[in-house]
Structure formats: C-alpha cells, structure tokens
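These notes concern the structure reproduced below.
The values are calculated or read from the model by the stated rules, or taken from the named source; none is laboratory data. Remember, predicted model here, so these are calculated numbers, not experimental data. Every residue, glycine among them, receives a Cβ derived from its backbone with ideal geometry; neighbour counts consider all protein chains shown.
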Amino acid sequence: MLWASDRSPVEDTGMNEKLAGTCPVCQQGDLISISMSVSGSELTFTTCHLCEAKWWYRDGEPVPLQSVIGSVLSRKA
C-alpha cells in the first residue's frame, strides 16, 4: 500500500518494485530504501524524501503496512 503526503491511500500501480531513482508519484523526489530481515523474510521499506509516499515489500512482493506490523508483532510474541 502506498500513502501520499496528504495521507490518503494511493494504488500501488506505478511503483513496479522500484527501490531507487525518482518517485513514481511526484516525479521529483529521490527514493530511499531500507531492507531488514524479519521472521525469515526480507522486508524493504521505500519512501520518497519529497512527497513522503511509502511502500513495503516482503521478499520482493508489495505488502500493506498492516501485514508488516503483524509479522513484527508475531515475532515479539
């Protein structure tokens, strides 16, 4: 799931697993990606430094934030 700077959800159709370069939402900002290993999966958080659009990927597949939170919380239990 992608969130624009006005905090409204936006369809994740333009990202196409893009982890670097120019933001597909605002066409201006640079993308910043952080990868981590959680519960045996590779999680990657990508955000635009300009418009603050955000994306999460698990093992290369787009996932909603709720799914990421669920996997982190289940790891702590």
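A few remarks follow.
- Subset of segment 50-71 [touching a Ser or Thr at 6+ places or on another chain (Cβ under 7 Å) and free of Cβ contacts under 8 Å to residues at least 24 places away in the same chain]: 58, 59
- In segment 46-61, the residues that are of a type outside the set (D, E, K, R) and buried (at least 16 other Cβ atoms within 10 Å of the Cβ): 46, 47, 48, 50, 51, 53, 55, 56, 57
- Counted residues, segment 48-70 - those being in contact with a strand residue (DSSP E or B) (Cβ under 6 Å, 6 or more places away or on another chain) and assigned to a loop (DSSP other than H, G, I, E, B): 3
- Among the residues of segment 36-77, those identified as over 10 Å from the mean Cα position of the chain (by Cα), at pLDDT 90 or above and of a type in the set (A, V, I, L, M) are 36, 50.
- Some residue of segment 3-20 being assigned to a strand (DSSP E or B) and at pLDDT 60 or above: no
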